[in-house]
Amino acid sequence: MVRLRMVRPREVMKFYFVYVLSSLNKDFIYVGFTTDLRRRFKEHNNHEELSTKHYTPFELIHYEAYKSKVDAQRREEYLKTTKGKTTLRTMLKDYFQNKVSDTKS
């Protein structure tokens, strides 16, 4: 007697992203959360997001990937606080220093 073993299809790895966008034309930083980073970046740059449409175009300057939705949302909320913004400035110190020096050139 032959027994057939059921094999589950490979589970697709799902991540939750916290991302930071920087406006190329204005002094504006946006922190967001998504499951599809490419789609969300396009939406921001295509003026589809009410809160950012006046600051386009953007560049993606940082992102973090999480397996847990709750962890990602907690991180997004933190990065939007005053202390979180200070953490971002420290983490991305070189980027912000170069951005300032690029605008002075």
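Once both axes come from the Cα atoms, what is the angle between helix 69-79 and the longest principal axis of the chain, in degrees from 0 to 90, rounded to 10?
Once rounded, the angle reads 10 degrees.
Using the Cα atoms of segment 16-104, I'd like the radius of gyration and the largest Cα-Cα distance, Dmax, both in angstrom.
13.0, 41
Enter the angle in degrees (range 0 to 90, nearest 10) between the Cα long axis of helix 93-104 and the first principal axis of the Cα atoms of the chain, meaning the one along which they spread out most.
Approximately 40 degrees, to the nearest ten.
What is the distance, in nm, between label points placed 7 Å from the Cα along the Cα-to-Cβ direction at Asn46 and at Lys93?
3.9 nm
Restricting to DSSP H runs of at least four residues, report the calculated mean residue ellipticity at 222 nm for the chain, -39500 (n - 2.57) per run over all residues, nearest 500 deg cm²/dmol. Mind dumping the intermediate values first?
Numbers: 4 runs with 42 residues, N = 105.
Calculated mean residue ellipticity at 222 nm is -12000 deg cm²/dmol.
State which entries of Lys26/Lys93; Lys26/Lys85; Lys14/Lys69; Lys26/Lys99; Lys69/Lys93 exceed 21 angstrom in Cα-Cα distance in the structure shown.
Working: Lys26/Lys93 18 Å; Lys26/Lys85 17 Å; Lys14/Lys69 10 Å; Lys26/Lys99 11 Å; Lys69/Lys93 27 Å.
Over 21 Å apart, Cα to Cα: Lys69/Lys93.
No lab work stands behind these numbers, since they all come straight from the coordinates. Note that the structure is a prediction, hence the values are computed from the model and not measured. Reconstructed Cβ throughout: ideal geometry from the backbone, glycine too, with neighbour counts over all protein chains shown.
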